Each structure stands twice: as structure tokens, then as C-alpha cells.
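The next block holds one structure in the form of C-alpha cells; read it before the comments.
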Amino acid sequence: MLRKLAFKEKIVDTYGMKDEFNSLQNHFLIAMPLLNDFNFARAVVYICAHNPDGAMGIVVNRPILEVNLGEIMTQMEIKVKNNAIKNLPVFLGGPVQPERGFIIHSPNVPWQSTLITSPELAVTSSQDILNALANGKGPKDFIVILGYAGWGAGQLEEEVANNYWLTTPSDPEILFKIPSEDRWSAAAALLGFDISNISSETGHA
């Protein structure tokens, strides 16, 4: 059974940082075939925040098979009037705080705790957006995630340098229009190649 879910904590905003730091915020991390870690094999990670102190990202292509959005809302005692969302998937965003919830969506309404990561995307961690979705008043495009991935200072940069990840600017269409099982290959295709043709023993990020 899922632990009590949290849609409260704020996300640190690094959007619009000074140019001297090469932030990967609003980028996809695309797991290289050589990355066989259970949490990140064939993962696409959306980087919500990245600064010299570390990074925070959310895996966006790993649906939790045992639960759907309607069940999450029931657990949180949210009455769902919008039946169209009940069977939508919920994604496992990473190994850190799997009880903590996030919604990646198109920015439209200033929710209680929202990080605008780009002109096209935002990440909200407050429950008010779920209440709106339950009543058919939330954003049109969204995905719901539990948990996240975190990196300490310099750790993500080192992993990219060691060819564990490819990086590319994010594309909302991949998040909202492409089926989750196709997002890994679709994100890599933004770089102009078929990632399935890359050896699991070598790679270049």
C-alpha cells in the first residue's frame, strides 16, 4: 500500500540562472544502453532543477502498474468528478521520496507551489492542482509522478561525462503525446539517431 502522499513541498527555482553555469534544467536525460541501474535503465528523466549544488529530475517513462490516478486521488480523499482521468497512469519518478507527488504540465494557472521550468512547462507539487483536475478544471496536458531522482554537486555532470546519459532540450510533445513505452527512443530521436543501434558497452554523451 502506498504511504501517505505529499503534494506540498516547494521545488527550488533555478530558471533563468546566470550564464556561467551550464544548467540542464528543462532538458531530458536519456539513459544510454550501458546504464543498467534498476532505477534508470532505458529511462527518460526530465530535469526540473539544476544548479552548482546539484540537480533534481523526474523519470517520465516508467508507469506504476499497480495504481492509477483515480486510486491515488481516492487515497488522498479527493472526490473525482472528472471520470476521464481516473484510469490515467501514474509514473515512478525515481527512488527518492516515492510518497512525494509532482505534476508536470503546461503552465497556465499559478498553483500554490509551482516551478516554471520553461515557457512551455511547469512542475507543481501542491495538492490544489489535483483538486482542479478532479473537477475537470486543471491543465489540459499533464502527467502525474511519484518520487524523484537527485544528484549532489557535480554528480550529474560526472555521469554525463562518463557516457551514462545523453542530454537534449525537452519536448512537451514527448511528455504529453508519445506513449510512455516509446519515450526513450523518441527522446533520443531528437538528437537524430536510433538509440537502439548503440552498443551497451560504449557510447558518447
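The values are calculated or read from the model by the stated rules, or taken from the named source; none is laboratory data. This structure is a prediction, so every number in the text was calculated from the model and none was measured. Cβ sites come from the backbone with ideal geometry, for glycine too, and all protein chains shown count toward neighbours.
Touching a His at 6+ places or on another chain (Cβ under 6 Å) and either buried (at least 21 other Cβ atoms within 10 Å of the Cβ) or not small (Gly, Ala, Ser) (or both): is that true of Thr167 in this structure?
Details: touching a His at 6+ places or on another chain (Cβ under 6 Å): yes; either buried (at least 21 other Cβ atoms within 10 Å of the Cβ) or not small (Gly, Ala, Ser) (or both): yes.
When the stated conditions are applied, Thr167 passes them.
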Leading residue by the ranking (nearest to Met73 (Cα to Cα)) among those in the range 130-147 that are touching a residue at least 40 places away in the same chain (Cβ under 8 Å) and buried (at least 22 other Cβ atoms within 10 Å of the Cβ): Leu130
Residue tally, condition more than 18 Å from the chain's Cα centre (by Cα) and under 21 Å from Lys137 (Cα atoms), over the range 53-107: 17
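Filter the range 38-93 for residues that are assigned to a helix (DSSP H, G or I) and not aliphatic (A, V, I, L, M); which is surrounded by the most Cβ atoms within 10 Å (Cβ to Cβ)? Lay out the reasoning, then the answer.
Step one: filter the range 38-93 for residues assigned to a helix (DSSP H, G or I), giving 69-75, 83-85.
Among the residues that remain, those that are also not aliphatic (A, V, I, L, M) are: 70-71, 74-75, 83.
Details: Gly70: 18, Glu71: 15, Thr74: 13, Gln75: 14, Asn83: 9.
It comes out as Gly70.
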Number of the condition not met by Ser185 [criteria: (1) in contact (Cβ under 8 Å) with a residue 24 or more places away in the chain; (2) in a helix (DSSP H, G or I); (3) not acidic (Asp, Glu)]: (1)
Check on Leu24, in contact with a Gly (Cβ under 9 Å, 6 or more places away or on another chain), modelled with pLDDT of 95 or more and either in a strand (DSSP E or B) or among the acidic types (Asp, Glu) (or both): no
Members of the range 94-147 found to be under 22 Å from His27 (Cα atoms), in a strand (DSSP E or B) and among the charged types (D, E, K, R), listed by number: Arg100
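What residue, of Gly150, Gly192, is outside any helix (DSSP H, G or I), surrounded by fewer than 18 Cβ atoms within 10 Å (Cβ to Cβ) and at pLDDT 95 or above?
Working: Gly192 fails: at pLDDT 95 or above.
Step by step, each of Gly150, Gly192 is checked, and only Gly150 is outside any helix (DSSP H, G or I), surrounded by fewer than 18 Cβ atoms within 10 Å (Cβ to Cβ) and at pLDDT 95 or above.
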